[in-house]
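**Student:** This is the structure I have questions about; it appears just below.
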């Protein structure tokens, strides 16, 4: 099977998986904001094939979501693409130049911070249009609602990506959908124990914070 065909097949599989986990994994957090792990799959696609792959996956998944399960229409489509690309695209861009676990962690952390800042700005401008409330009212929600939500979402996405990236990549190698020559990162060996512990700690902390956050709403 040609390399280009394999790449398209992998991206199609990952896009479908991202859509599925988005549908079944939605967790309401605050107001209209929901967490779902679709960005994890899209980020893994970006790690495998670069930031443009992450952008393409985000666009496809967001369009399908808009026409199937979304209740936010075109505004939700735009916000989803911006949010996912600012996280997954940033992480993939940093990782692609030097494919090491340290670079992956740096990319995920930078993506986490950038998407938090970007979404605060876009929520400030777009939420008044979506909710039909004054911008001043939205400004008062930025710190107590939007900031913690985006920090929690980015933290969970970064941690879960760290845990799943290498197992998924090894699975693609074993299924012959990718070859070592296509992706230069070292994929052999076991998952770094430190990475697993840090990721698990972030996930548990974020879940606990979500529960606390919901109890005070």
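**Student:** Going through 158, 137 one at a time, which residue ends up being exposed (fewer than 12 other Cβ atoms within 10 Å of the Cβ) and either part of a helix (DSSP H, G or I) or at pLDDT 90 or above (or both)?
**Tutor:** That would be 137, the only listed residue that is exposed (fewer than 12 other Cβ atoms within 10 Å of the Cβ) and either part of a helix (DSSP H, G or I) or at pLDDT 90 or above (or both).
**Student:** Condition test on residue 116, is it free of Cβ contacts under 8 Å to residues at least 24 places away in the same chain, farther than 25 Å from residue 8 by Cα and surrounded by 18 or more Cβ atoms within 10 Å (Cβ to Cβ)? Before the answer, list the steps.
**Tutor:** Numbers: free of Cβ contacts under 8 Å to residues at least 24 places away in the same chain: no; farther than 25 Å from residue 8 by Cα: yes; surrounded by 18 or more Cβ atoms within 10 Å (Cβ to Cβ): yes.
So residue 116 does not fit the description; no.
**Student:** Considering only the stretch 141-149, I want to know if a residue exists there that is within 20 Å of the chain's Cα centre (by Cα) and under 19 Å from residue 20 (Cα atoms).
**Tutor:** no
**Student:** On to the next question. List every residue pair whose Cβ atoms lie under 7 Å apart, where the two residues are 6 or more positions apart in sequence or sit on different chains, the first residue falls within the stretch 1-16 and is part of a helix (DSSP H, G or I), and the second residue, located anywhere, is surrounded by 12 or more Cβ atoms within 10 Å (Cβ to Cβ) and at pLDDT below 90.
**Tutor:** Pairs found: 3/182; 6/177; 6/178; 9/177; 10/172; 10/177; 10/178.
**Student:** Out of 61, 110, 69, 40, I need the residue that is touching a residue at least 12 places away in the same chain (Cβ under 8 Å) and exposed (fewer than 14 other Cβ atoms within 10 Å of the Cβ). Which one?
**Tutor:** 69
The values are calculated or read from the model by the stated rules, or taken from the named source; none is laboratory data. These numbers were taken from a predicted model, which means no experiment stands behind them. No Cβ is skipped: glycine too gets one built from the backbone with ideal geometry, and neighbour counts run over all protein chains shown.
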